[in-house]
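Data block below; observations after.
The values are calculated or read from the model by the stated rules, or taken from the named source; none is laboratory data. On a predicted model such as this, the values are computed, not experimentally measured, just so you know. Ideal geometry is used to build each Cβ from the backbone, glycine not excepted, and the neighbour counts take in all protein chains shown. These area figures cover heavy atoms from the full protein model, side chains too; ligands, DNA and RNA do not enter into them. Shrake-Rupley method; radii C 1.70, N 1.55, O 1.52, S 1.80 Å.
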Amino acid sequence: MKKEEVKILMKQNGVKQWEVAEKMEISEFTLSRWLRKDLRGKQLERLQEAVMAVKQGKEAVSRGEAK
């Protein structure tokens, strides 16, 4: 997936880069370095899962289902 597509994915799902990095348990700086190049394989899979998890967490909070 092209790095621009990853950034669009995060924007469309209303998640911030730091939130995704936190969910992935990596530093925001590491994620920023990853996004300098196109992602594939395990990195891309991990990132997509983190984006969806952050999105779902935000939706749960907005519905009042916070942990």
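Brief remarks follow.
- Restricted to helices (runs of 4 or more DSSP H) entirely inside region 15-67, those with at least 3 residues that are at pLDDT 95 or above and open to solvent by less than 50 Å² (accessible area, probe 1.4 Å) are 17-24, 41-62.
- Within region 1-14, the set of residues being part of a loop (DSSP other than H, G, I, E, B) and surrounded by 12 or more Cβ atoms within 10 Å (Cβ to Cβ) comprises Met1, Asn13, Gly14.
- Search result, residues across region 35-64 that are aliphatic (A, V, I, L, M) and within 18 Å of Glu25 (Cα to Cα): Leu35, Leu39, Leu44, Leu47, Ala50, Val51, Met52, Ala53, Val54
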